[in-house]
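To keep things clear, I will list the structure first and then write my remarks on it.
The values are calculated or read from the model by the stated rules, or taken from the named source; none is laboratory data. Because the structure is predicted, anything quoted here is derived from the model rather than measured. Neighbour counts are summed over all protein chains in view; Cβ atoms, including those assigned to glycine, are modelled from backbone coordinates with ideal geometry.
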Amino acid sequence: MSNTKSRKVTNTQINESIISIIMLQNKYDVLIIGAGPSGTIAAALLKKKGYHVGIIEASKFPRFSIGESLLPQCMMILEKAGLLTAVQNAHFQCKNGAVFEYQKHHTAFNFEDKFTPGWDHTFQVERAKFDKILADEVEKNGVEIYYQQKVVDVDVSAQIQHIKTIDQHNVQHQYQARFILDASGFARVLPKLLDLDCPSDFPPRMSLFTHIKDNIKTNAFDRNKILITVHPQNRNIWFWLIPFQNNKASIGVVAESRYLLPDIDPKTQLKKLVYETPGMSCYLQHANWSETVQSIHGFSSNVKSLYGQGFALLGNAGEFLDPVFSSGVTIAMKSAELASTALDKQLRGQKVDWEKDFAKPLQFGVNTFKAYVNAWYNHDLQDIIFAKTQPAHIKQKICAVLAGYAWDSNNDYTVHAQRKLARLAQACRQL
């Protein structure tokens with residue numbers, strides 16, 4: 001009888017010990033929601049500082065994602081995070097500039113001819129492979145990633161933050177952290193759970209996109225540059241063509257929702273728009289469209305605040321502008337860099353002003369890109385890009401922004417972007 005009682009006590013103690021170990025394992029200095037570029041950059045930077053970092057990712061990697069054309073500014077941040085070598089070793093398609101086409105107009109920007117010092121090239125990447133490389137690398141460095149777990153609830157308090165998730169087997173998990181970084185991208189986990197969403201300044205737009213085997217003839221196209229093409233009859237419709245290795249490419253169209261009809265097959269609609277655009281039709285005359293065409297509706301987003309008690313929002317979880325200048329991943333990486341620096345101070349007991357140390361510095365570059373996006377859609381920037389004459393020193397300053405150096409306060413085309421672009425466009429129209 002006593003032996004049985006003793007055995008029951010022992011089992012209870014074992015179960016309690018197991019629970020204690022599990023809870024201890026699920027306690028972190030920082031928990032990051034999302035294993036995309038902003039999440040892995042933040043994890044790498046914080047891990048280098050010695051913090052216990054975990055990532056909760058809803059998907060199973062590799063997984064498809066757009067945002068495939070990086071900007072040179074990304075290279076510095078990848079290098080700082082210790083992830084650049086792994087990316088370089090993957091031998092992605094080099095990117096050294098951008099080409100813009102509209103009717104018979106053709107303008108190229110070469111990143112080596114830019115105002116701001118820094119990297120003059122980057123990569124065009126298939127995000128499924130790129131994101132997995134970053135995630136695998138941070139795992140090697142000791143960051144724990146929990147795949148296929150969806151965050152269903154959060155509780156942010158003064159000291160400890162709590163996260164509840166459900167995995168692919170419908171099993172619930174609980175985690176604790178001193179701080180949460182939301183790098184969930186378009187899923188926008190914390191903005192939805194904490195009621196932080198607010199309307200974007202941009203009208204609702206829609207994008208159709210896919211990967212193709214482009215079969216573009218050698219020397220007919222510069223694969224080291226992204227191609228942005230404006231529709232010949234409607235300047236508010238534009239296409240991207242992002243070349244990868246092995247004759248693969250990402251192709252997409254962006255337009256206000258009224259121009260892309262939901263009751264028409266997406267592939268039929270995308271191909272129709274491509275092949276009624278002379279330049280695109282010529283490049284892609286032998287393309288193989290075997291993959292599914294996907295869509296995103298109303299992708300522009302904004303929030304009431306980029307931070308709060310116990311959390312901060314990174315990249316698209318905070319604000320997404322528009323894909324036209326490939327700014328999304330760059331903003332995501334920059335937000336991770338700024339947030340990691342501020343969070344390191346806070347976790348070491350120093351006083352941090354998140355508005356001054358994170359939100360305002362991040363917003364400086366975001367506002368620069370926003371001015372360029374607005375100028376693109378009101379045609380100021382299109383008139384500048386396709387002007388007959390382009391003063392070299394001004395083109396270099398615009399090129400620096402297109403290369404991602406939107407945080408360079410020495411460039412007056414970042415500090416006074418909206419006013420400068422409007423005046424320059426007016427001068428271009430008078431030529």
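A few notes on this one:
- Top-ranked residue in the stretch 385-401 [being of a type in the set (A, V, I, L, M) and buried (at least 21 other Cβ atoms within 10 Å of the Cβ); ranked as nearest to T229 (Cα to Cα)]: I385
- For the stretch 196-216, a residue qualifies if it is in a loop (DSSP other than H, G, I, E, B) and either free of Cβ contacts under 8 Å to residues at least 24 places away in the same chain or surrounded by 17 or more Cβ atoms within 10 Å (Cβ to Cβ) (or both), and the qualifying residues are L196, S200, F202, D214, I216.
- Look at (1) assigned to a strand (DSSP E or B); (2) crowded, with 16+ Cβ neighbours inside 10 Å and you find that V152 fails only one, number (2).
- Criterion violated by A220 - all others in (1) surrounded by fewer than 20 Cβ atoms within 10 Å (Cβ to Cβ); (2) in contact (Cβ under 8 Å) with a residue 12 or more places away in the chain; (3) assigned by TED's automatic domain parsing to the domain that holds L31 satisfied: (3)
- Scanning the stretch 149-164 for residues that are of a type in the set (A, V, I, L, M), touching a residue at least 40 places away in the same chain (Cβ under 8 Å) and under 25 Å from K60 (Cα atoms) yields V151, V154, I163.
- Residue match in the stretch 243-253 (condition: aromatic (F, W, Y) and more than 30 Å from P191 (Cβ to Cβ)): yes
- Residue match in the stretch 350-370 (condition: in contact (Cβ under 8 Å) with a residue 60 or more places away in the chain, surrounded by fewer than 18 Cβ atoms within 10 Å (Cβ to Cβ) and under 24 Å from K192 (Cα atoms)): no
- In the stretch 47-76, the residues that are part of a helix (DSSP H, G or I) reach residues that are among the β-branched types (V, I, T) with C-beta atoms within less than 6 angstrom, at least six apart or across chains, in these pairs: K47/V53; K47/V143; Q73/T330; C74/T122; C74/T330; M75/T122.
- All positions within the stretch 256-307 that are among the aliphatic types (A, V, I, L, M) and either modelled with pLDDT under 85 or not in a helix (DSSP H, G or I) (or both): L260, L261, I264, L284, A287, V293, I296, V303, L306
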